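Here's the structure we're looking at; comments come further down.
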2 protein chains.
Amino acid sequence: MPQLDNDIITLAHGSGGKLTNRLLDEAIFKVLDNPMLETRGDGALFEGEGKMAFSTDSFVVSPIFFPGGNIGELAVNGTVNDIAMCGAIPKYLSLALIIEEGMPTKDLWEILLSIRDACQKAGVLIVTGDTKVVERGKGDQIFINTTGLGNVLPESKLDVFSIQEGDCILINGSIADHGMAILSKREGLQFESDIVSDTQALNDLTTDLIKKFSSSIKLFRDPTRGGVATVLNEIALQTRLGIALDSNNLPVNKTVASACELFGLDPLYVANEGKFICIVKKEVADEMIAFMSNHPKGKAAAKIGEFCTDHPGKVIAKSLFGGNRVIVMPVAEQLPRIC
Amino acid sequence: MPQLDNDIITLAHGSGGKLTNRLLDEAIFKVLDNPMLETRGDGALFEGEGKMAFSTDSFVVSPIFFPGGNIGELAVNGTVNDIAMCGAIPKYLSLALIIEEGMPTKDLWEILLSIRDACQKAGVLIVTGDTKVVERGKGDQIFINTTGLGNVLPESKLDVFSIQEGDCILINGSIADHGMAILSKREGLQFESDIVSDTQALNDLTTDLIKKFSSSIKLFRDPTRGGVATVLNEIALQTRLGIALDSNNLPVNKTVASACELFGLDPLYVANEGKFICIVKKEVADEMIAFMSNHPKGKAAAKIGEFCTDHPGKVIAKSLFGGNRVIVMPVAEQLPRIC
């Protein structure tokens, strides 16, 4: 724990004065220490090289601590994954905190440690940042923005407009874990076996896939807010192709499925934070599932659908009993502040 | 004005579903339209080249509309300036909004238009973004994170550790305008002539200076939160040199000076959003002030001090009457949420 003057964060910590410097020196810089952060200038300098990916996300998840993680690692993994979805190797992150006055310093410390660990796991550095403090009641403990930079793999040929009839839709594992972990925590529910968020960095797996399968991979997309249903609807609209979803093949953990039933939620619409949709040429689908299954982050990989010309712009699920059901774009997600 | 379903922003606009897409299509993408934003992937792709600068800032200014600007243009100019302070030409920005449920759509629209205009003036593109909505009472209308990327000018030799005894400290114009504009608005005060924020992008002037004076320029730094006093204290600590500040030469607008007096504030500690400190070799100081004075953003440029070895790590001001006064690093800024 850092030696700060208070056990809570005060407005003065966001003032730009001595207390801000102390918060930076004793907590943030100490934890996230790296040579690029050390210069403490207005920004970080790096060598640009080839095609690069750039992505931003603000995290407002509530509660900030949840089964399987907290807002800190979520903020790192979320942006790392957005960069990975671009076919790139994530490299640098910026970190901008908006803290509500009164936040316990120990909570901030725990979040910073998670940020550090998540960065180490994903192989990224936080190279520049910002800290603001707002009055009590004008924020909610902490909001975190991370913005990422990465190098696009030369082998990457990702392009949503290269998707054709017959291309297969794969996923690297079970859906709805993150959303249901947040909801269980919010509602104070205990399940037989705990539901934990799937928050994890996917860049190791996506990099391996691109290196091995290169131009056979047409798209990566992570089904976060709005879940798999939303992402597939967006892709169907962009490509003007139909998607035939194979509901029977959707990996859903049992406890998560029960929790979804209890709340009347369809797992297809619930957020994920460590899963990605992968659209590939039919010929490589089986080999790719086998490859993913051998990776710790792809063990429950499955083929969940394919593209067709039958119902352009629409996602239709074949159900267990052979019936068809249109998976519409949700008007609003069931769960606000899921990420 | 965009055709949204509501005249206020609702939680559903941050859900990732249909209403989020509508907000993006009808407002954000429509206003900020550019080819890089159009792909709507998880991130933006660009060609990396040479040394680049990367900087982030979250803006929580209150009120969001103030004399001379609003939070939108402030967010663009602030990050553009951080990149400019690195000796770089700002190029791309990310834009992440955290909106409080209930924000009037027309206010969001006005802010988006200001963002667009500020981007055009500064010559930058918003290429990727994120939108979140939090419940009423968990935010404060809107918080904006911008993160910027730019190309470091090959002529730039900025390096805080190259600063030596005798180097001069210049500023491009009057201080304390932004902070006093915010404070006057908060307190509902009217002054004889209005005090307006100095929010503006500085990259055109800094680029011209670097191209002309190259290695004679040792540091740029923008005195935002904590004002000139804080920035100079940080530099004195980093360089282990003393700073002799010439109080008589500090440009302060008359109305701003009166307002400071009224509130018992020292303009040296009040935030600026369109000013920068420039540390240069003595030999070029006069020429550089003449050069800046010919630029619309440097009309009131002045030499406000120089580096010495007398009192390492300390900033000491010579007053009007010849006395000396230590300008300490503030413990906390007088005004929270100034940017």
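The values are calculated or read from the model by the stated rules, or taken from the named source; none is laboratory data. All values reported here derive from a predicted model rather than from experimental measurement. Don't worry about glycine lacking a Cβ; one is built from the backbone with ideal geometry, like all the others, and counts go over all protein chains shown.
Brief remarks follow.
- The combined condition, being under 25 Å from B:Thr131 (Cα atoms), buried (at least 16 other Cβ atoms within 10 Å of the Cβ) and in contact with a Lys or Arg (Cβ under 6 Å, 6 or more places away or on another chain), is fulfilled by A:Ser62.
- In segment A:1-116, counting only helices (runs of 4 or more DSSP H) that sit wholly within it, the ones holding 3 or more residues that are within 14 Å of chain B (Cβ to nearest Cβ) span A:18-23, A:35-38, A:71-85.
- Residue match in segment B:39-53 (condition: modelled with pLDDT of 90 or more, acidic (Asp, Glu) and within 19 Å of B:Ala118 (Cα to Cα)): no
- Filtered residue count, segment B:243-254, keeping only those that are within 19 Å of B:Ser162 (Cα to Cα) and crowded, with 20+ Cβ neighbours inside 10 Å: 1
- Filtered residues of segment A:3-40 (kept if under 29 Å from the mean Cα position of the chain (by Cα) and either under 12 Å from A:Gly129 (Cβ atoms) or small (Gly, Ala, Ser) (or both)): A:Gly14, A:Leu23, A:Leu24, A:Ala27, A:Ile28, A:Phe29, A:Val31, A:Leu32, A:Asn34, A:Met36, A:Leu37, A:Arg40
- The listed residues are A:His295, A:His311, and the only one of them that is more than 17 Å from A:Ile279 (Cβ to Cβ), in the same structural domain as A:Lys282 (by TED's automatic domain parsing) and touching a Leu at 6+ places or on another chain (Cβ under 6 Å) turns out to be A:His295.
- Residues being over 19 Å from the mean Cα position of the chain (by Cα), closer than 25 Å to B:Cys308 by Cα and more than 14 Å from chain A (Cβ to nearest Cβ) - total across segment B:251-287: 8
- Filtering A:Ile279, A:Ile304 for residues that are in a strand (DSSP E or B), touching a Lys or Arg at 6+ places or on another chain (Cβ under 7 Å) and crowded, with 22+ Cβ neighbours inside 10 Å leaves a single hit, A:Ile279.
- Test result for A:Ile210, β-branched (Val, Ile, Thr), touching a residue at least 12 places away in the same chain (Cβ under 8 Å), under 21 Å from A:Ile279 (Cβ atoms) and away from chain B (no Cβ under 14 Å): yes
- Residue match in segment A:145-153 (condition: farther than 23 Å from A:Ala96 by Cβ, more than 11 Å from chain B (Cβ to nearest Cβ) and touching a Lys or Arg at 6+ places or on another chain (Cβ under 6 Å)): no
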